[in-house]
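Some notes on the structure that comes next.
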Amino acid sequence: MALLEESARLLYREWFVRLRFPGHEHTRIVDGVPEGWEKATAFDAMQVMSGGTPKTVIPDFWDGEIPFYTPKDSIKECYVLDTEKHLTELGLNNCNSKLYQKDTIFITARGTVGNLNLAQRPMAMNQSCFALIGRNAIPKKFLFCALREAIQYFQQHAVGAVFDAIIVDTFKLIPFVIPDRKLVEIFENTIEPTFRQIENLLQQNQKLSTARDLLLPRLMSGEIAV
């Protein structure tokens, strides 16, 4: 899985950082970027949306079916399949989080700053993260790779008296280049099978872990003979 994600990141770097994209030999450079590309900020390129936590003292808000993403749920793999805590529909309706759809990007914004994940299924989110969706139909996998490449800038601009934090204004400080739309679409179509394979492998691992957790106690107790 790490190798698959690295291959997508290396392709992003080759095309959009080193500027060796298909057709680059015949593309003029205008104001430091290939013709048709736009210099912008991260805030220009993506919607930055917040989350919230329903009251923990109300049991009817919790232990439902809706995954509730927090920084504790961030993992090194790109997709997060499930979360430690879950909300009910009532809990979702009583907090400041939307139900963010599959492939929404989550970035941790407080404490451990800059961890990135894609939601593998619809999830809510707490106030210590931001949910990111591309503006003007910028594809999600391209945006995820771009953020992976730029994450050091977010960490360098984190602020806070006690804990480092990313705020909405941080996104206005991060330089971001929006390439030609057709090239972005080609890139998205190229890496989509890679992300699909990562997702499938993660799901297989999850099923194997569940099977292990069910069988191991029975093996240890002698209920199942080896």
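Overview of values
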| quantity | calculated |
| --- | --- |
| Strands (runs of 3 or more DSSP E) fully within region 105-213 counting 2 or more residues that are open to solvent by less than 20 Å² (accessible area, probe 1.4 Å) | 105-108, 116-119, 129-134 |
| Enumeration of residues in region 120-132 that are out of contact with any Gly (no Cβ under 6 Å at 6 or more places or on another chain) and closer than 11 Å to Leu99 by Cα | Arg121, Pro122, Met123, Ala124, Ala131 |
| Long-range neighbours under 6 Å by Cβ, at least six apart or interchain, first residue on the phi > 0 side of the Ramachandran plot and of a type outside the set (D, E, K, R) within region 45-70, second part of a strand (DSSP E or B) and surrounded by fewer than 21 Cβ atoms within 10 Å (Cβ to Cβ) | none |
| Boolean, Thr108 is under 28 Å from Ile198 (Cβ atoms) and of a type in the set (S, T, N, Q) | yes |
| Residue pairs meeting the criteria (Cβ under 9 Å; at least 6 apart or on separate chains; first on the phi > 0 side of the Ramachandran plot, in region 133-151; second open to solvent by less than 50 Å² (accessible area, probe 1.4 Å) and part of a helix (DSSP H, G or I)) | Asn136/Ala45 |
| Scan of region 1-34 for residues that are of a type in the set (D, E, K, R) and in contact (Cβ under 8 Å) with a residue 40 or more places away in the chain, ordered by number | Glu5, Arg9, Arg13 |
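The values are calculated or read from the model by the stated rules, or taken from the named source; none is laboratory data. Just so you know, these numbers come straight off a predicted model, no measurement behind them. Every residue, glycine as well, gets a Cβ built from its backbone with ideal geometry; the counts of neighbours run over all protein chains shown. Quick note on the areas: whole protein, heavy atoms, side chains included, nothing else; ligands and nucleic acids left out. Shrake-Rupley method; radii C 1.70, N 1.55, O 1.52, S 1.80 Å.
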